[in-house]
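Scroll down for the structure; my scribbles are underneath it.
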Amino acid sequence: MAVPAYSMVSDEIPDPWSLPIDQVDPSRAELYLHNRHGDYFRRLRQEDPVHFTAGGSFGPYWSITKFNDIVAVETNHKVFSSQPSIVIGEPTDDFVPPMFIAMDPPKHDVQRHAASPGVSPARLSDLEALIRERVGTILDGLPIGEEFNWVERVSKELTTQMLAILFDVPWEDRYLLPYWSDVSTTSEAVGIPTDMAERKRILMECLAYFTRLWHERAAAPPKFDFISLMAHNPETRDMVNDPMELIGNLMLLIVGGNDTTRNSISGGVVALNQFPRQYAKLKADPGLIPNMVSEIIRYQTPLSHMRRLATEDIEFGGKLIRKGDKVVMWYASGNRDETVIDQPDEFLIDRDRARHHMAFGFGIHRCMGNRVAEMQLRVLWEEIMKRFSHIELVGEPRRVLSNFVNGFEEVTVRLRQ
C-alpha cells in the first residue's frame, strides 16, 4: 500500500450481545478485518434497528440496519442528502473533493448522465468478447497445483484491465488505476489511520495525469471512455477547470470499478469453499452462473455502508432524527436481514430472486456500473468452469481493515484441472 496505514487493530473485540445496547458501535474497522460485524448487526436488527451511537471514533450517527428501512432512506433523497460525503467519517485534512455520488439533484443527475454511456448495455455488449479474451489470458497464465494469491493474480488483474478499457488509459499505465483506488479508499474517514498528507499528494498526481488525458480527449473525436464522454458533454466539459470536482469524480469512477468487483471476485471463491455443496451444485449445472453472480455480490456486499445527512427533523422507525444528523445505511446488514431474505447467512447459488439485494444501492444513486460488475463475474466464472475442476482455498483469507470496503488482501488458493 502506497499510503502509510498504521495498525489500529485490537484483539479485544467484545461480544456484542454482552454490551449495553447503546455501546454497540458497528463502525469499528477491526470488526470487518476479523469478520466479526455480523453479530453486531444481527443484534441491532433484532433490538434497535434504527440505532443511535453517541460517541465512538466518528462522532454521533444513526445506524439503519434493516433492508426496507435502508430502501426508505436511500429513496428519500430530499430528506436524506448525499452531500457532502458518502462515508461515515469526516476528513481530518478538509480534502473532500465533490463527486456526483455525494451530490443531490439536479447536479448529480447531470454528471451521472454524462458518464453513464461508458457502461451502457450497448457498450457492454461490444466489450464482452474483449473481456472474455482477457479473462482467458489471465486464467491460462495461472499455475496448476501451486499456491498463489487469487486477489493479486485474478481479482485485481481483471478489474485493472477493465478499468483500463473504461478509461482508455495507455496499457502500460494500467496499474496506476488500482493504485490510485487503494490510495483513495485508505482514509481515516473509514477507520484506517493514515498519512493523510501523503494520500493527498498521491491523489494530486492522479489529478495531474488525468488533466493531461482530459485535454487530449477534448481535442480528439469523442469516444466512449469516461474521460472522453465527460470532456465532450456540454454539461461537464468545463469540469477540468474545477480540479477538486474533477479529482472527486475520477476517484468515484475508479473506486466504483475497482473495489466492488475485485472483492466480489475474491468473495466468490471464498464462499464456494465455505459452502462445498454449492460448489458441487455449480459443477453439476454451470447454467447457474448468472444467478450465482448476484448471490456472490449479495453475500460479499463489497461496500459495507453509505451515509446520508438529514436535511430536516424526521420521525423514522420510532426515533426522532434531527436536521444535521448523520445517517448510515449499513448495506452489510440489510443484505442479511432475515425478515426480507430467506436464510440470509447461507450462500445459495440457486436462490430465488437473487438480484433482490442492496449491494448496488437503490434509487437515484444505484450503482451506475452494476451491469459491468455482473458481466465480469459471469464471464470469469464461465471461463473458470471450462478450465479448472476446483479452486481450493488454502488457509484463512486475510481481510481489509475498513468499515467501508468489505474485501480481501489475500486469498491463497490452489488450482486443479
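The values are calculated or read from the model by the stated rules, or taken from the named source; none is laboratory data. Treat the numbers as computed from the prediction; the structure is a model and nothing was measured. A quick note on method: Cβ atoms are made from the backbone with ideal geometry, for glycine too, and the neighbour counts reach across all protein chains shown. Just the protein is used for accessible areas: all its heavy atoms, side chains included, with ligands, DNA and RNA removed. Shrake-Rupley method; radii C 1.70, N 1.55, O 1.52, S 1.80 Å.
Couplings 3J(HN,Hα) for the stretch 215-227, derived from phi with the Karplus relation 6.51 cos²θ - 1.76 cosθ + 1.60 (θ = phi - 60°), are 5, 5, 5, 5, 8, 10, x, x, 10, 9, 7, 4, 5 Hz, where x marks Gly and Pro. Proximity of backbone amide H atoms, modeled 1.01 Å from N, is registered between F148 and V413 at under 5 Å, excluding neighbours fewer than 5 places apart on the same chain.
Compute the Rg to Rh ratio over the stretch 139-183 from the alpha carbon atoms, using the Kirkwood formula for Rh, and round to two decimal places. My calculation puts Rg/Rh at 1.04. In this structure, the amide hydrogen of M306, modeled 1.01 Å from its nitrogen in the peptide plane, lies closer than 5 angstrom to those of M329, Y331, counting only residues at least 5 positions away or on a different chain.
Averaged per residue, what accessible surface does the stretch 95-236 expose to a 1.4 Å probe, in Å²?
41
With contacts taken as Cα pairs under 8 Å and at least 6 residues apart, the chain reaches a relative contact order of 26 percent. Taking a straight Cα-Cα cut-off under 21 Å and skipping sequence neighbours fewer than 8 places away in the same chain, the lysines within cross-link reach of K326 are K66, K78.
The base-10 log of I(q)/I(0) for the chain, evaluated at q = 0.08, 0.11, 0.13 Å⁻¹, reads -0.42, -0.83, -1.19 [Debye formula, identical scatterers on Cα atoms, solvent excluded]. Around the amide H of F408, modelled in the peptide plane, lie the amide H atoms of V400, all under 5 Å away and 5 or more residues distant in sequence or on another chain. Per-residue extension of 0.36 nm, minus the Cα-Cα distance of H215 and D140, leaves a gain of 23.2 nm for this segment. Over the chain, with a Gaussian network built from C-alpha contacts below 10 Å, which listed residue (E295, E374, E312) shows the highest mean-square fluctuation? Top of the fluctuation ranking is E312. Length gained on full extension, V340 to V96, computed as 0.36 nm times the residue gap minus the Cα-Cα distance: 84.3 nm. The lysines whose alpha-carbon is closer than 19 Å to the alpha-carbon of K281, local same-chain residues fewer than 8 away aside, are K386.
Modelled spin labels at R201 and I13, positioned 7 Å past Cα toward Cβ, are 3.3 nm from each other. Extension gain, E128 to E47, is 24.6 nm, computed as 0.36 nm per intervening residue step minus the present C-alpha separation. Here the chain has 50 percent of its accessible surface on carbon and sulfur atoms, given a 1.4 Å probe and all protein chains in place. When the GluC sites (Glu not before Pro) in the stretch 119-183 are filtered for DSSP coil states and for at most 13 other beta-carbon atoms within 10 Å of their beta-carbon, the remaining sites are E146. Size of the stretch 282-417 from its Cα atoms: along the principal axes, largest to smallest, the extents are 59, 31, 28 Å.
In this simple spin-label approximation, L320 and A208 carry label points 7 Å from Cα along the Cα→Cβ vector, and these lie 5.3 nm apart.
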